[in-house]
Amino acid sequence: MITKIENVKVFNTEKRAFEKGSLYFENGNITSAVLSPDAIIDGKGGYLIPGLIDVHTHGRCGIDVMSASAEELSRLSLEYAKTGVTTLYPTIMTAPVENLKKAVREIKKAKTYADFAGIHIEGPYISAKKPGCHNVGDIRKPDYKELEQFFTEILPLRTHLTVAPEEDTDGVIEKLTERFAKCGGTIGIGHSNATYAECVDALNHGARSFTHTFNAMTAIGHREPGVAGAALATDAYAELICDGIHVCPAVISIAYHAKRAQGDKFVLITDSIPPAGLPNGEYNMNGIEFTLKDGKAVMENGTIVGSALDLYTAVNNLVAFAGISFEEALIAATKAPAEMVGIYDRRGSLTVGKRADMVLLDKNKNIRHVFVAGNKIV
């Protein structure tokens, strides 16, 4: 059945502009215009944007990716869809390896609304010197054979791995890059105490992004740029949590304009945690106890524990923080993350042939409906 959405302004990613017109989809994919569609949806003068893509998130609405059952993960995917996210990478974090594998198995069994296109492994292959809220006792050095087992279990979903390059003493980044070239997958640098030179070397061997830039990494110095400096100075992708808590709005602006000069390399993420969307209170995630108050989640020692952010709010925050248009900010939550993890050939823009993942906004740019593969989810 061919469906037409009419009376709407459609976002053109290439032009970074809305164009008054219509969009057609059939069998889950965007298609060319036809004279007589089988069904018509009235956009009521609103806006049609690509579905948002969150490649780094630990949960929301009380559901923890690390401990959730397949049924709970299905409910979680619906909660993401309500916020405009149509594709995400559920993110597992530092824990005993068997716990990680159990989480992977449940993720793969889940019936999804917002699509689980891959899994982000944020730990345990990170630096004990930059653990953030991760349990130091479970941090371990990158092990290629162990990681290969993970990827085999994750397939056919894609893998995105966060690793501290200074801990990679066995060429794991280079080996994984060769492996990923055959089956899909990407590597990011994060939770790292590396030098600028170590980061550049990791990028030269296949790493392509930086995980929640500025957080849990060596800061910029005027003689040693560190990991944060490498995130800004190179043409790698850089994830940013745009809640005004993890990174100062002024620094968000600096980072955005630095990365935009290199292309669409600024990537919005939420790094959201299970209490996202819930009231203030005491919570637990993966055994980590913390307090959520006014959008800020912190452990007793003051360490920040992820965000209470949703991705559409992050888009609007970026508009305000960086002084850019809504259209430019959309790129950071659609095209840029899709390119970062290698799925832009099928997601991230409203292009003929791509999956019909779309968000219909009203005239005030509030979310009205969400479509995943042409199916109206919300």
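No lab work stands behind these numbers, since they all come straight from the coordinates. Small disclaimer: the values here were computed from a predicted structure and weren't measured. Here the Cβ is made from the backbone with ideal geometry for all residues, glycine too, and neighbour counts use every protein chain on show.
In nanometres, what is the gap between the two model label sites at M299 and D235, each 7 Å from Cα along Cα-to-Cβ?
Simple spin-label model gives 3.8 nm for this pair.
When you have a sec, figure out the Kirkwood radius of the stretch 251-378 from all distinct Cα pair distances and drop it here in Å to one decimal? Write out the running numbers ahead of the final one.
Numbers: mean 1/r = 0.0605 Å⁻¹.
Result for the stretch 251-378, one decimal place: 16.5 Å.
Which translational diffusion coefficient, to the nearest whole µm²/s, is obtained for the stretch 313-378 from the Stokes-Einstein equation, given a Kirkwood hydrodynamic radius over C-alpha pairs, 37 °C and 0.692 mPa s?
256 µm²/s
Going 7 Å from the Cα of E19 in the Cα-to-Cβ direction, what parts of the stretch 353-367 have a backbone nitrogen less than 17 Å from that spot?
353-354
Multiplying the sequence separation of S32 and F326 by 0.36 nm and subtracting their Cα-Cα distance, what value in nm do you get?
Result for the pair: 103.2 nm of gain on full extension.
Show me 240-247, 284-291 ranked by packing, highest mean number of other Cβ atoms within 10 Å first.
Output ranking for 240-247, 284-291: 240-247, 284-291.
Nearest 5 is fine: what % of DSSP beta bridges in the stretch 19-159 come out antiparallel, could you say?
Given both bridge residues lie in the stretch 19-159, the antiparallel proportion sits at roughly 35 percent.
Return one number: the angle in degrees, 0 to 90 and rounded to the nearest 10, between the long axis of the Cα atoms of helix 97-109 and the longest principal axis of the Cα atoms of the chain.
Here the helix axis deviates by roughly 10 degrees.
Of all DSSP beta bridges in the stretch 52-340, what percent run antiparallel (nearest 5)?
Values: 12 of 38 bridges.
So the antiparallel bridges in the stretch 52-340 amount to around 30 percent.
Students often forget the sequence filter, so: which lysines lie under 17 Å Cα-Cα from K363 once same-chain residues fewer than 8 apart are removed?
Counting by Cα, and skipping residues close in sequence, K363 has these lysines nearby: K9, K20, K44.
Based on the inverse mean of 1/r over its pairs of different Cα atoms, what is the Kirkwood hydrodynamic radius of the stretch 99-204, in Å? Please report the intermediate quantities before stating the final value.
Working: mean 1/r = 0.0696 Å⁻¹.
One decimal place: 14.4 Å for the Kirkwood radius.
So if R0 is 30 Å, what FRET efficiency would L78 and N366 give, r being the distance between their Cβ atoms, rounded to the nearest 0.05? Kindly include the intermediate steps, with their values, before the conclusion.
On the way: r = 19 Å, r/R0 = 0.62.
The value I calculate is 0.95.
Step by step: find N for the stretch 1-146, compute 2.2 N^0.38 Å, then divide the Cα radius of gyration by it. What's the final number?
1.37
What lysines could a cross-link reach from K265, if we take a straight Cα to Cα line under 19 Å and drop same-chain neighbours fewer than 8 places away?
K15, K335
Between E146 and N280, with labels modelled 7 Å along Cα→Cβ, what's the label distance in nm to one decimal, could you check?
4.0 nm
Run the simple label-point estimate for K182 and E71 please: 7 Å along Cα→C-beta, distance reported in nm.
Taking the simple label geometry, K182 and E71 are separated by 3.9 nm.
Note down the magnitude of the dipole of the chain about its Cα centre, charges +1 on Lys and Arg C-beta and -1 on Asp and Glu C-beta and zero elsewhere, to the nearest 20 debye.
On the way: 40 positive and 45 negative charges, 196 e Å.
Roughly 940 debye for the chain.
Here are some pairs, K108/K354; K130/K354; K102/K130; K108/K376; which of them have Cα atoms lying more than 27 Å apart in this structure?
Checking Cα-Cα distances, K130/K354 exceed 27 Å.
At 0.36 nm per residue, minus the direct Cα-Cα distance, what do H222 and T351 gain on full extension? Give it in nm, one decimal, please. If you can, show how the numbers build up before the last one.
Details: separation 129, 0.36 × 129 = 46.44 nm, distance 4.30 nm.
Length gained, H222 through T351: 42.1 nm.
At 222 nm, what helix-only mean residue ellipticity would the chain give, in deg cm²/dmol to the nearest 500, using -39500 (n - 2.57) for each DSSP H run of four or more? It would help to have the intermediate numbers written out before the result.
Working: 10 runs with 102 residues, N = 378.
Helix-only estimate at 222 nm: -8000 deg cm²/dmol.
Report the Cα-based extents of the stretch 52-340 along its three principal axes, largest first, to the nearest Å.
Projected onto its principal axes, the Cα set of the stretch 52-340 covers 47, 46, 38 Å.
Mean projection of the alpha-carbon convex hull of the stretch 169-321 over all orientations, in nm²?
Average of the hull's projected areas for the stretch 169-321 equals 10.5 nm².
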